[in-house]
Amino acid sequence: MDVEEKIRQLEEEIRNTEKNKATEKHLRMLKKTLARLRREKKRRIFKSGFKPSGDALVVVVGYPTPTFEELFSGKENRMLEHEHVKIHLTKEPFPFQDIPKLRMADALILTPPEMTQTIEQALAHHGIFPVQQKPVFSIAPAENLEIIDKTGENDVEALRRVIRRRVRLILESKVEPRWFAGPEPRFPYLLTGPEDLKTLRRRLNLLRIWTAKRGEVAGKPLIIRGPATIRDVVIKIHKDLLKRFRFAKIKRNGRLIRAGLNYPVQDGDVVEVLA
């Protein structure tokens, strides 16, 4: 019997047990066991031996077609590089064995196409909803289970399966998730094939920031997820620099900008930190 089944049975027993002085001790023991099982379930959800590397993680879910097998070259993991961004490409067969790996993913590729719907339903059960465009949403408890789309720009169909988790998703601009029954939902990008890897850097808002020292520009950029500021660049170089930071020089489109820690950076900036 798995943990979820034990939790369901305990919840059922607690609901059906009459509450009086004679059953008080028994109910206390049941609730204590239920809390322990819920903690165990949470540990299983987030614990994984998988160690992602690179700047972005893409997981091919399902049964890789010959095109993907050729891309992997017979290996389980592959490191690709595009526009200076390192993309960690890995596999996860269906049915899933490593849920935490899927929850870490920045993007998913579901294959073969005829199994996409089945795989999406299985992912939804674990709070993972692949989307073409990241939704802006807030989460609140719901009496009537419904999804209200206030923007008209989100992939509502991909979110409808969250109803089974007894929540209402209110999609509106500039509002962060506040509450969720179960694991916090994840919305990795849904890629249709290897060619979409070229657009991944822009979709993930990964900024390429070149650093300079005494006017000499480094050969490779720092990769920082935007929106970001000079503070993020300094921490990426070395966190001890924050204590000695005076100001930064930014070369952008032929202009030279003197900036403090809270100044926003853009893709392609050349930053020289003076301490």
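The values are calculated or read from the model by the stated rules, or taken from the named source; none is laboratory data. As the structure is a computational prediction, the values presented were derived from the model and not from experiment. A quick note on method: Cβ atoms are made from the backbone with ideal geometry, for glycine too, and the neighbour counts reach across all protein chains shown.
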How many residues are hydrophobic (A, V, I, L, M, F, W, C), in contact with a helix residue (DSSP H, G or I) (Cβ under 8 Å, 6 or more places away or on another chain) and part of a loop (DSSP other than H, G, I, E, B) when one looks only at segment 89-115? 2
Tell me the residue from Pro221, Pro194, Pro188 that is surrounded by 17 or more Cβ atoms within 10 Å (Cβ to Cβ), at negative phi and in the same structural domain as Gln132 (by TED's automatic domain parsing), please. Pro188
Is it the case that Lys239 is basic (Lys, Arg), more than 20 Å from Lys86 (Cα to Cα) and under 28 Å from the mean Cα position of the chain (by Cα)? yes
Can you spot a residue in segment 32-40 that is at pLDDT 80 or above and closer than 30 Å to Ile224 by Cβ? no
Would a scan of segment 6-23 turn up a residue that is under 26 Å from Thr118 (Cβ atoms) and modelled with pLDDT under 85? yes
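Per-residue answers, yes or no, for (1) under 11 Å from Asp269 (Cα atoms); (2) not in a helix (DSSP H, G or I):
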site	(1), (2)
Leu207	yes, yes
Ala212	yes, yes
Gly219	no, yes
Pro227	no, yes
Val234	no, no
Leu242	no, no
Lys249	yes, yes
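Condition check ((1) surrounded by fewer than 17 Cβ atoms within 10 Å (Cβ to Cβ); (2) modelled with pLDDT under 85) across all residues:
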residue	(1), (2)
Lys86	yes, no
Pro113	yes, yes
Ile128	no, yes
Arg161	yes, yes
Arg164	yes, yes
Lys174	yes, yes
Glu184	yes, yes
